[in-house]
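Read the structure below first, then the notes.
The values are calculated or read from the model by the stated rules, or taken from the named source; none is laboratory data. What you see is a predicted model; the values in this text were computed from it and never measured. Cβ coordinates were reconstructed from backbone atoms using ideal geometry, including for glycine residues, and neighbour counts include every protein chain displayed. Ligands, DNA and RNA are excluded from the accessible area calculation, which covers all protein heavy atoms including side chains. Shrake-Rupley method; radii C 1.70, N 1.55, O 1.52, S 1.80 Å.
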Amino acid sequence: MDVVLREVRESDLPVFFSHMSDPESSRVAAFTCEDPTDRAYFDAHWARVLASDAVVRTVLADGEVVGHTAVYGPPEEREVTYVIGRTHWGRGIATAALRALLDVVPVRPLHARAAADNKGSIRVLEKCGFTVVGHDRGLAHARGEETDEVVLRLDG
């Protein structure tokens, strides 16, 4: 499978919205916005993201838009994120996309967070060189409860 990154296009946003509003994807991600089905919130959020200095890329697998990945935040706290549509989970796409993003953004350290029970995401981060540096707990809107979180970092 050929996984590549490209600049985000306006036509990608409906696909991203379908990923965000999928109930199972939101539950696994845990730390989402209050209402992942709120299209107005989504549109405003993406307008801010695309106007920011974040490095945001669309993930393509064999030419199909399957998700997005990004590095965002102030230099000392830069964080990675990625979302892959649920129908594409378990195929190595997130790992390939994150590795490609790390090539695009060579600055270190980079930080990441994942729900502690999101073993798939933690595995992706560890395959890409991130190590667990701490634990946290916060309100996971997608679950409606406090949820344990793993904090990871990629150095040098």
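From L102, L125, grab the single residue that is within 25 Å of A51 (Cβ to Cβ), in a helix (DSSP H, G or I) and open to solvent by less than 70 Å² (accessible area, probe 1.4 Å). Steps first, please.
Values: L125 fails: within 25 Å of A51 (Cβ to Cβ).
Of the residues listed, the single one that is within 25 Å of A51 (Cβ to Cβ), in a helix (DSSP H, G or I) and open to solvent by less than 70 Å² (accessible area, probe 1.4 Å) is L102.
V4: in contact with a Leu (Cβ under 6 Å, 6 or more places away or on another chain), surrounded by fewer than 20 Cβ atoms within 10 Å (Cβ to Cβ), farther than 20 Å from I122 by Cα and of a type in the set (V, I, T), yes or no? Taking the combined requirement at face value, the residue satisfies it. For first residues located in region 31-51 and within 18 Å of D12 (Cβ to Cβ) and in contact (Cβ under 8 Å) with a residue 12 or more places away in the chain, partners that are small (G, A, S) and in a helix (DSSP H, G or I) and lie 6+ apart or on another chain with Cβ distances below 6 Å form the pairs P36/S26.
If I go through region 116-156 residue by residue, how many of them are of a type in the set (A, V, I, L, M, F, W, C) and within 22 Å of E76 (Cα to Cα)?
Here the count works out to 10.
On the given criteria, is R27 at pLDDT 95 or above and open to solvent by 20 Å² or more (accessible area, probe 1.4 Å)?
Numbers: at pLDDT 95 or above: no; open to solvent by 20 Å² or more (accessible area, probe 1.4 Å): yes.
In short, no.
Residue-wise test of (1) outside any strand (DSSP E or B); (2) open to solvent by less than 70 Å² (accessible area, probe 1.4 Å); (3) in contact (Cβ under 8 Å) with a residue 40 or more places away in the chain; (4) in contact with a strand residue (DSSP E or B) (Cβ under 6 Å, 6 or more places away or on another chain).
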site: A97; (1), (2), (3), (4): yes, yes, yes, yes
site: V107; (1), (2), (3), (4): yes, yes, no, no
site: H111; (1), (2), (3), (4): no, yes, yes, yes
site: G120; (1), (2), (3), (4): yes, yes, yes, no
site: G134; (1), (2), (3), (4): no, yes, no, yes
site: R143; (1), (2), (3), (4): yes, yes, yes, no
site: E149; (1), (2), (3), (4): no, yes, yes, yes
site: L152; (1), (2), (3), (4): no, yes, yes, yes
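Counting the residues of region 62-93 that are open to solvent by 20 Å² or more (accessible area, probe 1.4 Å), among the aliphatic types (A, V, I, L, M) and within 17 Å of P23 (Cα to Cα) gives 1.
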